[in-house]
Amino acid sequence: MVLLFELRFFGLWTLWWCCLVTGSTGCQMQYVGRSSVTTDLQSDVLLPCNFKSTLLGSNKTADIVAVWSQRTIPADNLLEISLQGGVMFWNNRDKRIKTFTKLSESGNFSILLRNVQQSDLGLYRCELHEGINCSIAYQEVQLGLAAVSEYQKTIIAGTSGGAAVLLLFTVCVCYTVTKRRLCMRQDSAQEGTRENPIYDSANYKMKDSRNTDEGQCDNPIYAEYSAMPDQHRESSVR
């Protein structure tokens, strides 16, 4: 009787141990790796997630899904993609997340994030599950802003320098033109004073009066009359 009880106990213990080992082996989470992706705001970006066929198994009808989440505090679960192509959203980011359901059967659970916002930046996780509470593997994607390359920095610096030189040249040209126009106006004002008709008329009158005086002095009759003696002048007058 005691021997039979011991055999039953040993059999149950062996069965429990086999189940424990099998279950722990099947649900042992494997870290696949991390990738970094950079993008610009207001643009579209692909978040990659690919698992090897060895993790998927040979049974294509198995209850295997990939769960996407953003590793904020607390974590933000986004969606679930099944091995058969089914999709269930928890947070589709205002319909900005696009899936590729036809590729999930081959282990590709990548998603496209459209119109990237500042809040979308950060660490994402794509976790492979089998059944309930059984995580097989996971991989992470770090999403950040695209850095400006050295070539782009050179272009930006050159453009800024060229704009500064052009601005300085424009200011110098405007100053020179303005100064030249001011000088021309002053010269025109002075020439207008010299060419004033009133001034010319007065000058002409002065010249005419001088010519008249000179004409009287040069008149031969007046000169002869002036040269006569006083008595002859009186007699001629009489």
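Assorted remarks:
- Residue count, region 115-132 (criterion: without any contact (Cβ under 8 Å) to a residue 12 or more places away in the chain and assigned to a loop (DSSP other than H, G, I, E, B)): 1
The rows are residues; the columns are (1) at pLDDT below 85; (2) at negative phi; (3) over 34 Å from the mean Cα position of the chain (by Cα).
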position: Asn108; (1), (2), (3): no, yes, no
position: His129; (1), (2), (3): no, yes, yes
position: Val148; (1), (2), (3): yes, yes, no
position: Gly158; (1), (2), (3): yes, yes, no
position: Phe169; (1), (2), (3): yes, yes, no
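- Residue match in region 94-114 (condition: part of a loop (DSSP other than H, G, I, E, B), exposed (fewer than 14 other Cβ atoms within 10 Å of the Cβ) and in contact with an Asp or Glu (Cβ under 9 Å, 6 or more places away or on another chain)): no
- Some residue of region 48-62 being more than 20 Å from Tyr31 (Cβ to Cβ) and at pLDDT 90 or above: no
- Qualifying residue in region 1-9 (condition: in contact with an Asp or Glu (Cβ under 8 Å, 6 or more places away or on another chain), modelled with pLDDT under 80 and loosely packed, with under 11 Cβ neighbours inside 10 Å): no
The values are calculated or read from the model by the stated rules, or taken from the named source; none is laboratory data. Here the structure is a predicted model, which is why all the values come from computation and not from measurement. Glycine also receives a Cβ, built like all others from the backbone with ideal geometry; neighbour counts cover every protein chain displayed.
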